[in-house]
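Notes follow the structure.
The values are calculated or read from the model by the stated rules, or taken from the named source; none is laboratory data. For clarity, every value in this text was computed on a predicted model and none was experimentally measured. Note that we place each Cβ from the backbone using ideal geometry, even for glycine, and neighbour counts take in every protein chain shown. SASA here: full protein model, heavy atoms, side chains in, ligands and nucleic acids out. Shrake-Rupley method; radii C 1.70, N 1.55, O 1.52, S 1.80 Å.
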Amino acid sequence: MNQFSSISPKATIGSNVKIEPFVTIYDDVVIGDNTWIGPTASIMNGARIGKNCKIFPGAVISPEPQDLKFTGEATTVEIGDNTVIREHVTVHRGTKDKYKTAIGKNCLIMNGVHIAHDCIIGDGVIIATHTGLAGHCIIEDYVIIEGMVGVQQFVRIGTHAFIAGGSLVRKNVPPFAKAAKEPLSYVGVNSVGLKRKGYNDDMVRQIEDIYRTIYVKGYNLTNALAIVEIESPVSKEKEQIVNFIKESVNGIMRGLS
C-alpha cells in the first residue's frame, strides 16, 4: 500500500499483496494473496484476481463492457492464480450472456491485448501482443495465440490450438490444430506444443491422421467425420476433435487450398 494510490477500504485485499504507486482500486474488488499490482493499473468494480498474479502498469481490469445492451448489471472479471497480465491490457466485464469474463490459471496475456466481455479463457493460455478478442469468445486450455491476431465474436478455439501472428479468426479452430493464412486455414497439427505438454509420438500421429481425413483427403466434412468415427482408434483426443466439430454450428476453419 502507498499514499500515491487510490484504494477503496471496501476492497478485499489478501495478504502480502504489493500495490505500486498511482494504482486505482475500486470498491467491489477481490485480490488474492501475494499478487503484485503495477503502477497506474486500474482495478475496477467486479474484478476478482487470484493468488500470485502480476498485473503490469497501465492494465485496466473490469471496466464496463463495450456493449450497447449492457444496463449496469452486476458482472465480473475473474482471473485465475499465477496469471500474468502485461502492460496496457484491457479485460472487460461480462454482460447478461455469461455474467462474467474469465481468464484461467497460469496464463500469460501480453501487452496491449484486449479481451472483451463474456470471453472465457482456459488455463495455461498465452496471448501475444496486440491481439484482440471480441465478445463471447471461448479459448480453451493451452491455446497459443501469436501477436496482432483478431478474433471475431462467438468464436471458439480448441485446446492446444496454435494461431499464427496476424491471423483473422472468423470460424472455430478445432483442438490441436495450427491455423494461419488468409482466409484462416488448417496448416497442420501443433506437434511441438503437444510434445511439450507430454503427448507422445503415437498420440501426435493419431491426431495427424484424423486431420488428414478431415482436411487433406478431399472428403466433405460430414463424410470425413463419419470415416473418423468408424476408422480412427478410440481415444480422448479423437472424442475431443469430433465433439468440437459437431458442436461448431457456425462452422470451422477451412482446409489449406
Pick out the one residue from ASN16, ASN45 that is open to solvent by 50 Å² or more (accessible area, probe 1.4 Å), in a loop (DSSP other than H, G, I, E, B), over 17 Å from ALA102 (Cβ atoms) and out of contact with any Cys (no Cβ under 7 Å at 6 or more places or on another chain). ASN16
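Yes or no, residue by residue, for (1) touching a strand residue (DSSP E or B) at 6+ places or on another chain (Cβ under 9 Å); (2) assigned to a strand (DSSP E or B); (3) surrounded by 24 or more Cβ atoms within 10 Å (Cβ to Cβ); (4) modelled with pLDDT under 95:
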position: GLU78; (1), (2), (3), (4): yes, yes, no, no
position: HIS88; (1), (2), (3), (4): yes, no, no, no
position: ARG93; (1), (2), (3), (4): yes, no, yes, no
position: ALA102; (1), (2), (3), (4): yes, yes, no, no
position: ASN111; (1), (2), (3), (4): no, no, no, no
position: HIS130; (1), (2), (3), (4): yes, no, no, no
position: PHE154; (1), (2), (3), (4): yes, no, no, no
position: THR159; (1), (2), (3), (4): no, no, no, no
position: GLY165; (1), (2), (3), (4): yes, no, no, no
Across region 172-203, which residue is least open to solvent (accessible area, probe 1.4 Å) among those that are under 15 Å from the mean Cα position of the chain (by Cα) and closer than 16 Å to LEU133 by Cα? VAL173
Output the number of residues of region 212-222 satisfying the condition of being outside any helix (DSSP H, G or I) and open to solvent by 80 Å² or more (accessible area, probe 1.4 Å). 3
List the residue pairs whose Cβ atoms are under 7 Å apart, where the first residue sits in region 1-28 and is among the acidic types (Asp, Glu), the second is part of a loop (DSSP other than H, G, I, E, B), and the two are 6 or more positions apart or on different chains. GLU20/GLY38; GLU20/PRO39; ASP27/SER8; ASP27/LYS10; ASP27/ALA11; ASP27/ASN45; ASP28/ASN45; ASP28/GLY46
Mind counting the residues in region 48-79 that are aliphatic (A, V, I, L, M) and either under 15 Å from GLY38 (Cβ atoms) or in contact (Cβ under 8 Å) with a residue 60 or more places away in the chain (or both)? 6
Going by the conditions given, is ILE61 surrounded by 21 or more Cβ atoms within 10 Å (Cβ to Cβ) and either in contact with a Leu (Cβ under 8 Å, 6 or more places away or on another chain) or modelled with pLDDT under 95 (or both)? no
Is it the case that GLY135 is open to solvent by less than 10 Å² (accessible area, probe 1.4 Å), part of a loop (DSSP other than H, G, I, E, B) and in contact with a Lys or Arg (Cβ under 6 Å, 6 or more places away or on another chain)? no
Quick check on my filter: what residues within region 64-76 are out of contact with any strand residue (DSSP E or B) (no Cβ under 7 Å at 6 or more places or on another chain) and either surrounded by 17 or more Cβ atoms within 10 Å (Cβ to Cβ) or not charged (D, E, K, R) (or both)? PRO65, GLN66, ASP67, LEU68, PHE70, THR71, GLY72, ALA74
Lone unmet requirement of (1) assigned to a strand (DSSP E or B); (2) surrounded by fewer than 17 Cβ atoms within 10 Å (Cβ to Cβ) for PRO39: (1)
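One line per residue, one yes/no per condition, for (1) open to solvent by less than 20 Å² (accessible area, probe 1.4 Å); (2) within 24 Å of the chain's Cα centre (by Cα); (3) closer than 22 Å to ARG156 by Cβ:
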{"site": "ILE210", "(1), (2), (3)": "yes, no, yes"}
{"site": "ALA224", "(1), (2), (3)": "yes, no, yes"}
{"site": "PRO233", "(1), (2), (3)": "no, no, no"}
{"site": "GLN240", "(1), (2), (3)": "no, yes, yes"}
{"site": "PHE244", "(1), (2), (3)": "yes, yes, yes"}
{"site": "SER248", "(1), (2), (3)": "yes, yes, yes"}
Within region 1-47, the residues that are within 15 Å of ALA59 (Cβ to Cβ) and acidic (Asp, Glu) are GLU20
Among the residues of region 113-128, the number that are assigned to a loop (DSSP other than H, G, I, E, B) and either more than 22 Å from LEU194 (Cα to Cα) or touching a residue at least 24 places away in the same chain (Cβ under 8 Å) (or both) is 8
Go through region 38-78 and report how many residues are over 21 Å from the mean Cα position of the chain (by Cα), closer than 22 Å to ASN106 by Cβ and of a type in the set (Val, Ile, Thr). 0
